[in-house]
Amino acid sequence: MAENLFDLTGQLALITGASRGLGQYFGRALARAGADLIITSRKKADLAPFVTEIEALGRKAHPLELDVRDHESILTMSAAAEQIGQVHILVNNAGCNVRKPAVDVTWDDYNLILETNLRGSFFVAQQIAKQMIPHRYGRIVNIGSVTSVFGFAGLAPYTASRGGIRQLTMSLADEWGRDGITVNCLAPGWFQTAQNKVLYENQEWVDYLVDRIPLKRPGEPHDLDGAVVFLASEASRYITGQTLLVDGGISTGATRATVQLASKS
Ligand SMILES: NC(=O)c1ccc[n+]([C@@H]2O[C@H](COP(=O)([O-])OP(=O)(O)OC[C@H]3O[C@@H](n4cnc5c(N)ncnc54)[C@H](O)[C@@H]3O)[C@@H](O)[C@H]2O)c1
Ligand SMILES: O=C(O)[C@H](O)[C@@H](O)[C@H](O)[C@H](O)CO
């Protein structure tokens, strides 16, 4: 057994959607724990600054092009990853959102979200698992959301994709456990990134959010470092099919509201 359960030295981690946002934070955390990276983006050129940053940490960063909505792109990327080396860790991070009342969601909005967040994650996992199975080792971390476990007005297709990720995680864990692969879902709460920065420009929204978060602040991307390293490492070796919420406790909110009301009565 490794002396340091969180040490990723000698491991290769593949992260999708690493041109910005949480994908880069996941990459930094894994690289600091010792892993070399394969980082992917729809435009390889967008990865250049991140390659430089990871190399400055003394780790390797191999940039590859990947559009998770394009099956051919997934096959090409996976074949290129196999040439780089044994992939020990996959972080299925690429994702998107369209925020709209359900009555305004278009066919195309729905397809964009489901194809990116759910179908893309499945087919990336499928290709990388094919490489992991002969080695009888793998750690797959699917990025979910608090909306994997509760609904949210204005985010219907997004929450469907995130609930689907949680179910997918359980089924793949059930199927690939015998091959030495763990599959877990890391479910962030609310973290300000390019995807949602417009929300944080609205003070009313921030106040609403903070009021509902027991730890009394929105998430900061480094709050996810421990969870991604944990799920990628030896430390989580007997954990599979689980959804780990990193949300400042917001998913406990329904109970808190009841208690607050009760304490006023
Ligand atoms: N920020 C949050 O509060 C939050 C909370 C829970 C879950 N998430 C999820 O975490 C992931 C990262 O989100 P973020 O907040 O960093 O947002 P972001 O928009 O900054 O990053 C999303 C990344 O996915 C990539 N991407 C989008 N469509 C793609 C496609 N078709 N093919 C390949 N890459 C594609 C983008 O280029 C980008 O690199 C997303 O899946 C998001 O839904 C975010
Ligand atoms: O685009 C958005 O509306 C948000 O960024 C979502 O991604 C949420 O933050 C998250 O999923 C909640 O966990």
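None of the figures in this text is laboratory data; all of them are computed from the coordinates on show. Because the structure is a prediction, the values reported are computed rather than measured. In this analysis, Cβ positions are derived from the backbone assuming ideal geometry, glycine residues included, and neighbour counts consider all displayed protein chains.
Between a residue in the stretch 18-33 that is over 17 Å from residue 64 (Cα atoms) and assigned to a loop (DSSP other than H, G, I, E, B) and any residue that is more than 16 Å from ligand 2 (Cβ to nearest atom) and among the hydroxyl-bearing types (Ser, Thr, Tyr), which pairs come within a Cβ distance under 9 Å, given they are 6 or more apart or on different chains?
33/9; 33/233
Limited to the stretch 210-251, what total is found for residues that are of a type in the set (Asp, Glu) and not in a helix (DSSP H, G or I)?
Of the residues in the stretch 210-251, 2 are of a type in the set (Asp, Glu) and not in a helix (DSSP H, G or I).
The rows are residues; the columns are (1) under 13 Å from the mean Cα position of the chain (by Cα); (2) more than 10 Å from ligand 1 (Cβ to nearest atom); (3) surrounded by 22 or more Cβ atoms within 10 Å (Cβ to Cβ).
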residue	(1), (2), (3)
150	no, yes, no
154	no, yes, no
166	yes, yes, no
178	no, yes, no
185	yes, yes, yes
193	no, no, no
202	no, yes, no
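Which condition does residue 109 not pass, out of (1) away from ligand 2 (no atom under 16 Å from the Cβ); (2) surrounded by 16 or more Cβ atoms within 10 Å (Cβ to Cβ); (3) among the acidic types (Asp, Glu), if it passes all the others?
Exception for residue 109: condition (1).
When you look at residue 129, is it small (Gly, Ala, Ser), crowded, with 18+ Cβ neighbours inside 10 Å and more than 16 Å from ligand 1 (Cβ to nearest atom), yes or no? If you could, list the steps in order and put the result at the bottom.
Details: small (Gly, Ala, Ser): yes; crowded, with 18+ Cβ neighbours inside 10 Å: yes; more than 16 Å from ligand 1 (Cβ to nearest atom): yes.
So residue 129 passes the test.
Restricting attention to the stretch 112-144, report how many residues are among the hydroxyl-bearing types (Ser, Thr, Tyr), within 15 Å of ligand 2 (Cβ to nearest atom) and under 23 Å from residue 177 (Cα atoms).
Residues in the stretch 112-144 being among the hydroxyl-bearing types (Ser, Thr, Tyr), within 15 Å of ligand 2 (Cβ to nearest atom) and under 23 Å from residue 177 (Cα atoms): 1 in total.
Tally time: how many residues in the stretch 179-206 are in a helix (DSSP H, G or I) and either under 22 Å from residue 139 (Cβ atoms) or within 12 Å of ligand 2 (Cβ to nearest atom) (or both)?
Of the residues in that region, 6 qualify.
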